[in-house]
Structures are given as structure tokens and as C-alpha cells.
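Take a look at the structure set out below.
The values are calculated or read from the model by the stated rules, or taken from the named source; none is laboratory data. Just so it is clear, the structure is predicted and the values come from calculations on it, not from any experiment. Positions of Cβ are generated from backbone atoms using ideal geometry, with glycine treated the same way; all protein chains shown enter the neighbour counts.
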Amino acid sequence: MAIENGDFIKVSYTGKFEGGLIFDTTDEELAKENQIFNPRGVYGGDVVVVGAGHTIKGLDEDFVGKDVGYKGELVIPPEKGFGEHDPKQVETISLNKFEDRKATPGMGVEIEGKRGVVTKVIGRRARVDFNHPLAGKEVTYEYTIDEKLEGDIDKINGLLSLYTGVPEIEVEVEDKTAIINIPVALSFNQRWLMSKNRIASEIIENIGMEKVKFVETYPVESPAPAEETESESEDNESGEE
């Protein structure tokens with residue numbers, strides 16, 4: 001059955017630009033070979049909701065009408081990829097706003113919540129490009145539709161993996177309520193803290209749940225038994241009350 005908007009699919013892909021340079025892939029070995037491996041990333045395929053904006057527009061649109069098992073290549077222009085390069089997103093910033101008040105061309109920076117790249121340094125000021133690094137570039141994707149997810153729990157775990165990078169989390173569904181048991185380590189994960197409201201909204205909107213419960217359980221270790229004192233030991237051995 002052909003893929004439609006709203007379907008949950010697992011996709012393997014590799015993205016390239018400018019003469020075949022790889023900038024993104026779900027293949028772990030390929031990522032390592034091209035020095036783009038992310039130890040926090042989840043490899044082996046991404047789960048996306050078709051039409052929900054989980055990937056760039058050109059790729060998202062191309063999924064529709066394909067079947068599970070489809071394998072192909074797609075060239076995507078900037079307007080359906082990472083956008084045109086916007087001159088307004090290139091700003092001149094005082095070096096006072098940089099860490100150590102230093103900047104060099106090519107250096108990645110984050111200023112006032114925006115990420116950019118230094119393109120030029122003039123005196124005590126730097127030109128910073130806040131456009132996406134691939135803005136204005138044509139990109140090519142090779143992709144395979146690995147499977148279509150059907151069960152609610154699989155779909156929920158797919159969304160959780162997409163946003164948190166954790167491949168599988170304990171999930172239950174009861175009376176249109178998704179109960180998600182959050183691992184203790186994830187409770188302190190910044191990526192999780194910033195995305196859990198969006199995850200809940202997407203579970204309700206795309207899977208049809210009426211409620212989402214995030215359950216955080218912190219186990220408490222039982223206190224170790226108190227050691228006997230020398231006098232208590234002697235009393236027990238004598239049998240005195």
C-alpha cells in the first residue's frame with residue numbers, strides 16, 4: 001500500500017552535496033568513514049511521520065506514493081532543502097560577545113541562542129553567518145523506505161527516538177493514554193527537557209492518544225543493616241535479656 005501523509009515510516013538515507021560530500025547518514029560505518037559520526041546519534045534508520053515536517057520539504061514530499069522497500073535518489077533544490085542563503089542572517093558582532101573575546105574564520109559560535117559560523121574578523125568585530133550551513137546549496141539524498149509502523153507503541157517509540165536519540169523506552173497504552181516510563185538518566189538530558197512538550201503534542205496529534213503521561217521513577221536503595229557493636233554482640237552471646 002502506497003505511503004500517505006500521516007504514515008509512520010522508518011527510513012535509511014545518506015545526504016550529499018557539492019561533488020558527493022556526505023553531510024548526513026543513518027549508516028554508522030559511513031558516518032565514521034566521513035568523520036561525521038555522532039556518538040549520541042541513533043543509526044540504522046530514522047522514524048518520521050510523513051508530512052509532519054520531520055525532515056526537509058523535498059524529501060518529505062517524495063515519500064508520498066512510494067511503497068515499503070522503495071530505494072531511490074533525489075536531487076533537492078535549496079527552496080525545498082535547507083533554504084536560500086539570506087544576507088540578513090549575516091551579522092557583524094563585537095568580539096566582546098565571544099568567549100575569551102576571540103574569533104577566527106570558520107569557527108562555530110552560539111550567540112544569544114543562535115548558532116552560526118565566523119566568516120571574517122575585522123579589528124574587534126566579526127562577521128557571523130547564522131544561515132544553515134547548507135543554505136543555498138542543492139543536496140542529493142539516497143534513501144530507502146525500510147518499513148511502515150502500525151502499532152501505537154512502535155509509533156510512540158519512533159517519535160521518542162527521533163527527539164531523544166534513545167532507541168527504545170518502556171511504553172504502555174491504556175484507554176487512549178500513553179504512559180511513558182522515563183529512564184532516570186534521561187531526566188537530566190537537555191535534549192529531552194526541551195522536547196518533551198512537543199513529543200506529547202505529536203503523540204496526541206499523530207497517533208490519536210487523548211493523554212500522555214511521563215512517569216519518572218527514582219529508586220531508593222535500602223539502607224545497609226547496622227553493624228553490631230561489641231557490647232551488643234556480647235549480650236546476644238550470653239543470652240541475657
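Based on this model, can you work out whether Glu112 counts as touching a strand residue (DSSP E or B) at 6+ places or on another chain (Cβ under 6 Å) and more than 17 Å from Leu134 (Cα to Cα)? So Glu112 does not fit the description; no.
To keep it simple, each residue is scored yes or no on (1) in contact with a Pro (Cβ under 9 Å, 6 or more places away or on another chain); (2) not aliphatic (A, V, I, L, M).
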position	(1), (2)
Glu138	yes, yes
Leu162	no, no
Glu174	no, yes
Val184	yes, no
Ala200	no, no
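When residues in the stretch 5-19 are screened for being surrounded by fewer than 16 Cβ atoms within 10 Å (Cβ to Cβ) and touching a residue at least 12 places away in the same chain (Cβ under 8 Å), 3 of them pass.
From the set of residues in the stretch 166-184 that are of a type in the set (A, V, I, L, M) and farther than 30 Å from Gly83 by Cα, which is surrounded by the fewest Cβ atoms within 10 Å (Cβ to Cβ)? Step by step, filter the stretch 166-184, then rank; the result is Val184. Among the conditions (1) in contact (Cβ under 8 Å) with a residue 12 or more places away in the chain; (2) within 22 Å of Val50 (Cβ to Cβ), the only one that Ser201 does not satisfy is (1). Screening the candidates Glu84, Glu73, Glu61, Glu29 for the property of being under 23 Å from the mean Cα position of the chain (by Cα), loosely packed, with under 14 Cβ neighbours inside 10 Å and at pLDDT 95 or above yields one hit, Glu29.
In this structure, does Val118 turn out to be over 30 Å from Ile9 (Cβ atoms), touching a residue at least 12 places away in the same chain (Cβ under 8 Å) and surrounded by 14 or more Cβ atoms within 10 Å (Cβ to Cβ)? So Val118 fits the description; yes. Listed here are the strands (runs of 3 or more DSSP E) enclosed by the stretch 32-114 that have at least 3 residues being in contact (Cβ under 8 Å) with a residue 60 or more places away in the chain and closer than 20 Å to Glu147 by Cα: 46-49, 71-76. Taking the stated definitions as given, is Val42 within 23 Å of Arg191 (Cα to Cα), hydrophobic (A, V, I, L, M, F, W, C), in contact with a helix residue (DSSP H, G or I) (Cβ under 6 Å, 6 or more places away or on another chain) and at pLDDT below 95? Here the answer is yes, as Val42 does meet what is asked. Hey, could you check the stretch 138-165 for residues that are in a helix (DSSP H, G or I) and hydrophobic (A, V, I, L, M, F, W, C) and say which is surrounded by the fewest Cβ atoms within 10 Å (Cβ to Cβ)? Within the stretch 138-165, the match that is surrounded by the fewest Cβ atoms within 10 Å (Cβ to Cβ) is Ile153. Looking only at residues of the stretch 8-31 that are charged (D, E, K, R) and assigned to a helix (DSSP H, G or I), we find that the one that is farthest from Ile203 (Cα to Cα) is Glu29.
Can we say Thr140 is β-branched (Val, Ile, Thr), in the same structural domain as His54 (by TED's automatic domain parsing), in contact (Cβ under 8 Å) with a residue 60 or more places away in the chain and within 30 Å of Met107 (Cα to Cα)? Considered against the rule, which asks whether it is β-branched (Val, Ile, Thr), in the same structural domain as His54 (by TED's automatic domain parsing), in contact (Cβ under 8 Å) with a residue 60 or more places away in the chain and within 30 Å of Met107 (Cα to Cα), Thr140 comes out as yes. On the given criteria, is Lys114 closer than 30 Å to Ile182 by Cβ, of a type in the set (Lys, Arg) and modelled with pLDDT of 95 or more? Spelling it out, it is not the case that Lys114 is closer than 30 Å to Ile182 by Cβ, of a type in the set (Lys, Arg) and modelled with pLDDT of 95 or more.
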